[in-house]
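**Student:** What follows is a single structure, and I will ask about it in a moment.
The values are calculated or read from the model by the stated rules, or taken from the named source; none is laboratory data. Note that this is a predicted model, so its numbers are computed, not measured. We place every Cβ from the backbone using ideal geometry, glycine too, and count neighbours over all the protein chains shown.
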Amino acid sequence: MPNVSSASAELDALEQRIVDHLFELQPSYAVGLGLHRYDGLVPDLSRGATESWTVRADALLGQLSRLDEAGLSDARRIDHFLLRLLLESPLFDLREAEDLDRNPMAYVGSVGLTPYLVREYAPVEDRVRAIVRILEQVPKILDDGRRRLRTPLPRPFVELALAIGSGLSPHFAEAEPFAARAGLVPAFSAARATAEARVREFLEWLRQDCLPRSTPDFALGPHRYQRLLFVREGIEAPIEEMRRAGAADLARNQARLDEIARAEAASVPDLLQRLNRDHPVAADVLTTARAFVDETRNFVRDRDLVTIPEPAVCRVEETPVWGRALSTASMNPPGPFDSGPTDGIYYVTPVDPAWSPVQQEEWLRSFNRSLLRNITVHEVFPGHYLQFLHFHRTAGSLVRKVYLSPSFVEGWAHYAEQLAIEQGLHREDHAAEIAQIHDALLRDCRLLVSVGLHTGGMELAEATRLFEREAHFEHLPAEREAIRGTFNPEYFCYTLGKLAILNARSRFLSDRFAGSLKRFHDALLGFGCPPIGLLDSLLAGPAPS
């Protein structure tokens, strides 16, 4: 018989080594999870360092494969698989996707100060010193990028790297008042000046040398795309199966929107224009968002949809200046290892007073009340903030506290939008449902475009037309969504994750959870954020009492 205690002890030790090894490559990920012993650290992205990292990752995978799984409990066998993915995922990025060799975003996007600015988890002096250490390492990060990146680079990658890089100086400036609070302005200013100078040099190199020689060749291809599905989500089903499921969800959402239009004797564009006209004035955007936080929290509680772990405090704040070009709204939740307050920060991007009246009105129309309510469901209750409150308190293993599946995280929040409509949120008219369906059409098209661009030879112009035709987008936002698919094929995660949760609900709700949505949702969120390929295995275990 297998030695259960020996195999379990071996996995315990291996689990810690694997997690430590991952954080050597991704220290900012550890900081985001609340592990602040990694504050101020950045990865060594030089070729020699990452090649050494991959060799040691291979050795850890070898040890993992030789461990006798028969000596593990069912739960630890699942953890064994998660540890495998935890290594294979970054190995895919380094070896197969070749991110550090073909994507300059990997370098300009690796410099983030946000975790140190937004949460009072440690004395301000300690957090400013961490910021200074990061800024001091910016020149090496960008030098490694210039040495590693192989031209010609994919044009969309270069263009977005330029956009991200142009926001770094305002991002660094956000920390200046923070440094003043700590009395560390001289050290901060010196590090900032050097970092900003090197960023300008790097961006000039991208603009003058890389952009003119860039190429439209960005696609992963079918083989690498299939591997991406496995290493991120544990999915081995064929790509075509995912595409068909996305197309079916698109058709279902379109049919329901058409049904509403017929009931209201209006066209679909008329319905959407009606939503756009009902928006708050610029001064009331954040106030409206705060009201929706309260409304959606009360809705979840009154419908008894899922446990709300207390304390559950979510602040609504303006998106920091440096983040406004890439975000309309977002959630900064507590990490599973955070020991301080569990407040959520719901960022909403305000109107820029420098915009023309026409631009301001366009922005406000994109923040119409129905859409802002749907965004709040997605970001706060019962979406991301509630999800991460559960993640914070989960008693799972180390790897389950570390593993973050994009499709589970975004899938839950997207599922929450549909759940809210199913349960009657703002039932007095169709406005809330129209907004929810409009967002669902966008996510359906993202899945189809992701598959098309990376495995089917779809052109950007064709992808743009698909967003225009099927999701009812204007040309410019449709084009931006299409371009996003070139460098972010994983934006399939919203629809893929939502459909996985809906499928699991249809299979397990009645037999395992006696029809109780609350018990089903609590069990689901109690798993952490696992790859959606494991949902059936996790839910097939004994149902919680």
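**Student:** All but one of (1) farther than 28 Å from GLY457 by Cβ; (2) modelled with pLDDT of 95 or more; (3) assigned to a helix (DSSP H, G or I) hold for GLU470; state the number of the condition that does not hold.
**Tutor:** (1)
**Student:** For the structure I just gave you, tell me whether ARG213 is within 28 Å of GLU459 (Cβ to Cβ), in contact with a Pro (Cβ under 7 Å, 6 or more places away or on another chain) and surrounded by fewer than 14 Cβ atoms within 10 Å (Cβ to Cβ).
**Tutor:** yes
**Student:** Anything in the range 180-194 that is over 29 Å from the mean Cα position of the chain (by Cα) and under 14 Å from ILE134 (Cβ atoms)? List them, or say none. It would help to see each step written out before you state the result.
**Tutor:** Taking the range 180-194 as the starting set, the residues that turn out to be over 29 Å from the mean Cα position of the chain (by Cα) are 180-191, 193-194.
Of everything in the range 180-194, those that are over 29 Å from the mean Cα position of the chain (by Cα) and under 14 Å from ILE134 (Cβ atoms) turn out to be LEU184, ALA187, PHE188, ALA190, ALA191, THR194.
**Student:** Identify, from the list VAL402, VAL358, VAL351, the residue that is at pLDDT 95 or above and of a type in the set (A, V, I, L, M).
**Tutor:** Values: VAL358 fails: at pLDDT 95 or above; VAL351 fails: at pLDDT 95 or above.
That would be VAL402, the only listed residue that is at pLDDT 95 or above and of a type in the set (A, V, I, L, M).
**Student:** A further question follows. Look at the range 264-291 and say how many of its residues are surrounded by fewer than 17 Cβ atoms within 10 Å (Cβ to Cβ) and in a loop (DSSP other than H, G, I, E, B).
**Tutor:** Counting residues in the range 264-291 that are surrounded by fewer than 17 Cβ atoms within 10 Å (Cβ to Cβ) and in a loop (DSSP other than H, G, I, E, B) gives 6.
**Student:** Please work out which one of (1) assigned to a helix (DSSP H, G or I); (2) under 26 Å from GLY528 (Cα atoms); (3) in contact with a helix residue (DSSP H, G or I) (Cβ under 6 Å, 6 or more places away or on another chain) is the condition TYR346 fails and give its number.
**Tutor:** For TYR346, the failing item is (1).
**Student:** Tell me which residues, restricted to the range 26-51, are of a type in the set (A, V, I, L, M, F, W, C) and either at positive phi or free of Cβ contacts under 8 Å to residues at least 12 places away in the same chain (or both). Spell out how you get there, then give the answer.
**Tutor:** Going residue by residue through the range 26-51, those that are of a type in the set (A, V, I, L, M, F, W, C) are 30-31, 33, 35, 41-42, 45, 49.
ALA30, ALA49 - these are the residues of the range 26-51 that are of a type in the set (A, V, I, L, M, F, W, C) and either at positive phi or free of Cβ contacts under 8 Å to residues at least 12 places away in the same chain (or both).
**Student:** Moving on to the next point. Given (1) closer than 23 Å to ALA440 by Cβ; (2) surrounded by fewer than 22 Cβ atoms within 10 Å (Cβ to Cβ); (3) not β-branched (Val, Ile, Thr), identify the lone condition not met by PHE367.
**Tutor:** (2)
**Student:** So for the range 473-484 (the condition being in contact with a Leu (Cβ under 8 Å, 6 or more places away or on another chain), modelled with pLDDT under 95 and outside any helix (DSSP H, G or I)), does at least one residue qualify?
**Tutor:** Yes, that holds for at least one residue.
**Student:** Does the range 163-175 contain any residue that is among the aliphatic types (A, V, I, L, M), in the same structural domain as ARG213 (by TED's automatic domain parsing), in contact (Cβ under 8 Å) with a residue 12 or more places away in the chain and not in a helix (DSSP H, G or I)?
**Tutor:** yes
**Student:** Next up: Show the residue pairs meeting these rules: Cβ distance below 7 Å; 6+ apart or different chains; first residue within the range 340-361 and over 14 Å from LEU286 (Cβ atoms); second residue of a type in the set (Ser, Thr, Tyr) and surrounded by 12 or more Cβ atoms within 10 Å (Cβ to Cβ).
**Tutor:** GLY340/TYR121; GLY344/TYR385
**Student:** Looking only at the range 372-395, how many residues end up being in a loop (DSSP other than H, G, I, E, B) and either hydroxyl-bearing (Ser, Thr, Tyr) or crowded, with 21+ Cβ neighbours inside 10 Å (or both)?
**Tutor:** To start, the set of residues in the range 372-395 that are in a loop (DSSP other than H, G, I, E, B) comprises 380-383, 394-395.
Filter once more, keeping what is either hydroxyl-bearing (Ser, Thr, Tyr) or crowded, with 21+ Cβ neighbours inside 10 Å (or both): 380-383, 394.
Of the residues in that region, 5 qualify.
**Student:** What's the number of the only condition in (1) under 24 Å from the mean Cα position of the chain (by Cα); (2) in a loop (DSSP other than H, G, I, E, B) that ASP352 fails to meet?
**Tutor:** It fails just one condition, (1).
**Student:** Somewhere in the range 94-116, is a residue among the acidic types (Asp, Glu) and more than 30 Å from ALA191 (Cβ to Cβ)?
**Tutor:** Of the range 94-116, the ones among the acidic types (Asp, Glu) are 96, 98-99, 101.
Next, only the ones that are more than 30 Å from ALA191 (Cβ to Cβ) stay: 96, 98.
Checking the range 94-116: at least one residue is among the acidic types (Asp, Glu) and more than 30 Å from ALA191 (Cβ to Cβ).
**Student:** Would you check which residues across the range 271-307 are under 20 Å from ILE421 (Cβ atoms) and without any contact (Cβ under 8 Å) to a residue 60 or more places away in the chain and list them?
**Tutor:** ALA291, ASP294, ASN298, ARG301, ASP302
**Student:** Another one. In a loop (DSSP other than H, G, I, E, B), more than 30 Å from ARG224 (Cβ to Cβ) and modelled with pLDDT of 95 or more - does that describe any residue in the range 501-515? Talk me through it step by step, then tell me what you get.
**Tutor:** The initial filter retains those residues of the range 501-515 that are in a loop (DSSP other than H, G, I, E, B), namely 514-515.
Pick out the ones that are also more than 30 Å from ARG224 (Cβ to Cβ) and you get 514-515.
Of the ones still in play, those that are also modelled with pLDDT of 95 or more are 514-515.
Yes, the range 501-515 contains a residue that is in a loop (DSSP other than H, G, I, E, B), more than 30 Å from ARG224 (Cβ to Cβ) and modelled with pLDDT of 95 or more.
**Student:** Looking only at the range 1-44, which residues are within 20 Å of LEU91 (Cβ to Cβ), among the charged types (D, E, K, R) and buried (at least 20 other Cβ atoms within 10 Å of the Cβ)?
**Tutor:** Across the range 1-44, the qualifying residue is only GLU15.
**Student:** When both residues are 6+ apart or on different chains and their Cβ atoms are under 9 Å apart, which pairs have a first residue that lies in the range 308-327 and is crowded, with 16+ Cβ neighbours inside 10 Å, and a second that is at pLDDT 95 or above and of a type in the set (Asp, Glu)?
**Tutor:** So the pair list comes out as CYS314/GLU379.
**Student:** Filtering the range 45-74 down to residues that are surrounded by fewer than 13 Cβ atoms within 10 Å (Cβ to Cβ) and acidic (Asp, Glu), which residue is nearest to LEU14 (Cα to Cα)?
**Tutor:** ASP58
**Student:** Which residue, of PRO212, PRO186, is over 29 Å from TYR494 (Cβ atoms), free of Cβ contacts under 8 Å to residues at least 60 places away in the same chain and not in a helix (DSSP H, G or I)? Outline the logic, then answer.
**Tutor:** On the way: PRO186 fails: not in a helix (DSSP H, G or I).
Only one candidate qualifies: PRO212.
**Student:** Another question, if that's okay. Any residue in the range 154-171 that is in contact with a helix residue (DSSP H, G or I) (Cβ under 8 Å, 6 or more places away or on another chain) and over 30 Å from CYS210 (Cα atoms)?
**Tutor:** No, the range 154-171 contains no residue that is in contact with a helix residue (DSSP H, G or I) (Cβ under 8 Å, 6 or more places away or on another chain) and over 30 Å from CYS210 (Cα atoms).
**Student:** Related question: Step by step: first the residues of the range 120-159, then only those that are assigned to a helix (DSSP H, G or I) and among the basic types (Lys, Arg), then the one that is surrounded by the most Cβ atoms within 10 Å (Cβ to Cβ). Which residue is that? I'd like the intermediate steps shown before the answer.
**Tutor:** Taking the range 120-159 first, the residues assigned to a helix (DSSP H, G or I) are 124-148, 155-159.
This time we only want the ones that are among the basic types (Lys, Arg), so: 127, 129, 133, 140, 146-148, 155.
On the way: ARG127: 25, ARG129: 20, ARG133: 15, LYS140: 14, ARG146: 15, ARG147: 10, ARG148: 18, ARG155: 19.
Out of the qualifying residues, it is ARG127.
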